[in-house]
Amino acid sequence: MKEYIKQFYNEGLATIFYKKPIAYVDKNIKNKNIVKFISLIIKVIYTILAICFAGYILYKKL
(Lines give C-alpha, C1' and ligand atoms only; values in the text may rest on other atoms or scores of the structure.)
Protein backbone atom coordinates (compact mmCIF):
# COMPACT_ATOMS: atom_id res chain seq x y z
CA MET A 1 0.00 0.00 0.00
CA LYS A 2 2.88 2.37 0.75
CA GLU A 3 4.18 1.85 -2.77
CA TYR A 4 0.84 2.91 -4.28
CA ILE A 5 0.76 6.05 -2.13
CA LYS A 6 4.32 6.96 -3.14
CA GLN A 7 3.42 6.33 -6.78
CA PHE A 8 0.36 8.61 -6.45
CA TYR A 9 2.50 11.50 -5.20
CA ASN A 10 5.50 10.95 -7.50
CA GLU A 11 4.00 10.44 -10.96
CA GLY A 12 1.74 12.24 -13.37
CA LEU A 13 0.63 15.73 -12.48
CA ALA A 14 2.26 15.49 -9.06
CA THR A 15 5.53 16.80 -10.45
CA ILE A 16 3.80 20.12 -11.23
CA PHE A 17 1.26 20.39 -8.41
CA TYR A 18 3.04 18.58 -5.56
CA LYS A 19 6.79 18.02 -5.90
CA LYS A 20 7.80 21.46 -7.19
CA PRO A 21 5.83 23.47 -4.58
CA ILE A 22 7.10 21.24 -1.77
CA ALA A 23 10.68 21.64 -2.95
CA TYR A 24 10.23 25.42 -3.21
CA VAL A 25 8.78 25.67 0.31
CA ASP A 26 11.44 23.40 1.74
CA LYS A 27 14.19 25.46 0.11
CA ASN A 28 12.92 28.91 1.14
CA ILE A 29 11.46 28.37 4.62
CA LYS A 30 13.76 27.38 7.45
CA ASN A 31 11.13 26.62 10.12
CA LYS A 32 10.39 22.88 9.84
CA ASN A 33 6.98 23.10 11.56
CA ILE A 34 5.75 25.58 8.97
CA VAL A 35 7.18 23.42 6.18
CA LYS A 36 5.33 20.36 7.50
CA PHE A 37 2.08 22.33 7.76
CA ILE A 38 2.35 23.82 4.27
CA SER A 39 3.32 20.47 2.75
CA LEU A 40 0.27 18.87 4.40
CA ILE A 41 -1.97 21.56 2.92
CA ILE A 42 -0.41 21.09 -0.53
CA LYS A 43 -0.83 17.32 -0.24
CA VAL A 44 -4.52 17.68 0.67
CA ILE A 45 -5.15 20.13 -2.16
CA TYR A 46 -3.40 17.86 -4.67
CA THR A 47 -5.37 14.83 -3.48
CA ILE A 48 -8.68 16.67 -3.79
CA LEU A 49 -7.68 17.95 -7.22
CA ALA A 50 -6.77 14.44 -8.39
CA ILE A 51 -10.02 12.95 -7.09
CA CYS A 52 -12.07 15.69 -8.76
CA PHE A 53 -10.20 15.20 -12.03
CA ALA A 54 -10.76 11.43 -11.89
CA GLY A 55 -14.47 11.98 -11.13
CA TYR A 56 -14.77 14.36 -14.05
CA ILE A 57 -13.15 11.85 -16.42
CA LEU A 58 -15.46 9.11 -15.14
CA TYR A 59 -18.50 11.37 -15.56
CA LYS A 60 -17.54 12.22 -19.15
CA LYS A 61 -16.94 8.55 -20.02
CA LEU A 62 -20.39 7.49 -18.79
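List of remarks:
- For the residues Tyr56, Tyr24, Tyr46, the requirement of being in contact with a Leu (Cβ under 9 Å, 6 or more places away or on another chain), at pLDDT 85 or above and of a type in the set (Ser, Thr, Tyr) singles out Tyr46.
- In region 5-19, the qualifying residues are those that are surrounded by 12 or more Cβ atoms within 10 Å (Cβ to Cβ) and in a helix (DSSP H, G or I), and the one that is nearest to the chain's Cα centre (by Cα) is Tyr18.
- Selected residue (criterion: farthest from Tyr4 (Cα to Cα)) from residues of region 20-61 that are open to solvent by 90 Å² or more (accessible area, probe 1.4 Å) and of a type in the set (Lys, Arg): Lys30
The values are calculated or read from the model by the stated rules, or taken from the named source; none is laboratory data. The model shown is predicted, which means the values in this text are computed figures rather than measured ones. Positions of Cβ are backbone-derived with ideal geometry, glycine not excepted, and every protein chain shown enters the neighbour counts. Protein only, heavy atoms only, side chains kept; ligands, DNA and RNA dropped before computing areas. Shrake-Rupley method; radii C 1.70, N 1.55, O 1.52, S 1.80 Å.
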